[in-house]
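Written below as structure tokens is the structure these notes are about.
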Amino acid sequence: MRYAVLVAGPAGSGKSTFSNALITHLHTSKRTGHLVNLDPAAAPDSFEYEPTIDIKDLISLQDVMDELEYGPNGGLVYCFEYLMQNMDWLDEELGGYEDDYLIIDCPGQIELYTHHPFLPSLVKHLSRLGLRVCALYLVESQFMEDKYKFFSGVMSAMSAMVNLEVPWINIMSKMDLVTANPNDPAGGRNGIRAKKDIARYLDPDPLLLSTTHGGGTRQQEKIQNPRFHALNQAIVQLIEDHPLVSFLPLDLTLPDSIETVLSHIDHSMQYGEDEEPKEPRDLDEGDFPELE
């Protein structure tokens with residue numbers, strides 16, 4: 001059985017860094033993981049591990065922009081259209097992997113997850129090939145600095161979940177940049193927050209939108225921005241009616257944090273449940289020729 005983990009999310013949310021850290025953790029745990037790059041604009045030096053499958057071997061964004069004179073967004077859409085027309089290339093590249101984790105690093109343009117059919121079509125194709133697929137959606141902790149920005153991230157995660165229709169895990173990345181200690185000399189680049197406050201973001205509390213941005217009362221905000229207030233109330237109602245999104249905190253400086261995320265991935269894809277037990281190697285049976 002093969003397993004594919006789609007690592008998705010907005011640009012700058014830490015997808016490539018997480019993908020590298022996850023592969024390192026898999027190798028440390030004596031498990032096999034391979035990096036698959038699906039970002040045709042990725043710089044070669046952005047990977048700690050060389051991708052075993054790289055879309056840039058098929059098509060690159062720079063070539064599309066140079067030859068067709070497309071902009072970055074149009075060029076990216078063209079690259080994925082080209083991939084969809086050449087899925088036999090991907091089938092051939094995937095052919096040699098068994099019982100492995102394929103960590104698929106996706107681009108940061110969220111419209112690919114929410115508006116276009118490319119990734120849903122890719123997921124269905126992988127499933128037809130017999131791969132178990134799980135998706136991770138990363139939102140960085142800096143979003144907690146602005147509750148409106150945070151809920152835009154919540155809504156984009158919800159939209160992508162509905163669009164892709166696969167086992168899904170939302171990740172609050174870069175939690176090492178948030179601190180609960182006001183005496184921390186680093187100060188926490190993404191803010192100082194009490195544990196109770198952080199919990200309202202990890203399990204999104206829609207009532208955060210009911211408080212004012214500038215510290216005034218709810219009645220004052222309603223008077224000043226009645227349309228904006230009505231929109232907030234509609235979003236609050238939507239999230240309360242469909243509480244699909246919650247986040248796992250991710251701190252890459254803590255191995256236990258990565259292990260927690262990996263255990264959720266394993267559980268969502270039922271990792272190892274169909275595998276046959278492997279017999280331990282036996283010294284007397286010549287399984288260790290290097291020691292003889």
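As for region 113-123, it holds at least one residue that is closer than 28 Å to Glu273 by Cα and among the β-branched types (Val, Ile, Thr). Cβ separations smaller than 8 Å between residues 6+ apart or across chains give the following pairs from region 89-112 residues that are farther than 10 Å from Tyr3 by Cα and touching a residue at least 40 places away in the same chain (Cβ under 8 Å) to residues that are polar (S, T, N, Q) and in a helix (DSSP H, G or I): Asp105/Ser16; Asp105/Ser19; Gln109/Asn73; Ile110/Ser156.
Looking only at residues in region 1-33 that are open to solvent by 20 Å² or more (accessible area, probe 1.4 Å) and of a type in the set (D, E, K, R), which one is farthest from Leu119 (Cα to Cα)? Restricting to residues being open to solvent by 20 Å² or more (accessible area, probe 1.4 Å) and of a type in the set (D, E, K, R), the top hit is Lys30. Residues in region 223-241 include none that are under 22 Å from the mean Cα position of the chain (by Cα), of a type outside the set (D, E, K, R) and either open to solvent by 60 Å² or more (accessible area, probe 1.4 Å) or modelled with pLDDT under 75 (or both). Within region 34-57, the set of residues being more than 23 Å from Met87 (Cβ to Cβ), buried (at least 17 other Cβ atoms within 10 Å of the Cβ) and either at pLDDT 90 or above or of a type in the set (Lys, Arg) (or both) is empty. Filter region 122-141 down to the residues that are farther than 20 Å from Ala21 by Cα and in a helix (DSSP H, G or I) and list them by number. Across region 122-141, the qualifying residues are Leu122, Val123, Lys124, His125, Leu126, Ser127, Arg128. Screening region 49-76 for residues that are out of contact with any Asp or Glu (no Cβ under 9 Å at 6 or more places or on another chain) and polar (S, T, N, Q) and picking the one that is farthest from Val36 (Cα to Cα) gives Gln62. Suppose the filter is touching a residue at least 24 places away in the same chain (Cβ under 8 Å) and either out of contact with any Ser or Thr (no Cβ under 6 Å at 6 or more places or on another chain) or in a helix (DSSP H, G or I) (or both); does Val64 pass it? For Val64, the condition - touching a residue at least 24 places away in the same chain (Cβ under 8 Å) and either out of contact with any Ser or Thr (no Cβ under 6 Å at 6 or more places or on another chain) or in a helix (DSSP H, G or I) (or both) - is met. Leu136 meets the stated requirement of being farther than 21 Å from Met84 by Cα, open to solvent by less than 60 Å² (accessible area, probe 1.4 Å), of a type outside the set (Ser, Thr, Tyr) and at pLDDT 90 or above. In this entry, Asp284 passes the filter for residues that are outside any loop (DSSP other than H, G, I, E, B), modelled with pLDDT under 65 and loosely packed, with under 13 Cβ neighbours inside 10 Å. Checking each residue of region 165-181 against the condition of being within 19 Å of Cys106 (Cβ to Cβ) and assigned to a helix (DSSP H, G or I) gives no match.
The values are calculated or read from the model by the stated rules, or taken from the named source; none is laboratory data. All values derive from a computational prediction rather than experimental measurement. Cβ atoms come from the backbone with ideal geometry, glycine included; neighbour counts cover every protein chain shown. Accessible surface is based on the protein model in full, side chains and every heavy atom, while ligands, DNA and RNA are left aside. Shrake-Rupley method; radii C 1.70, N 1.55, O 1.52, S 1.80 Å.
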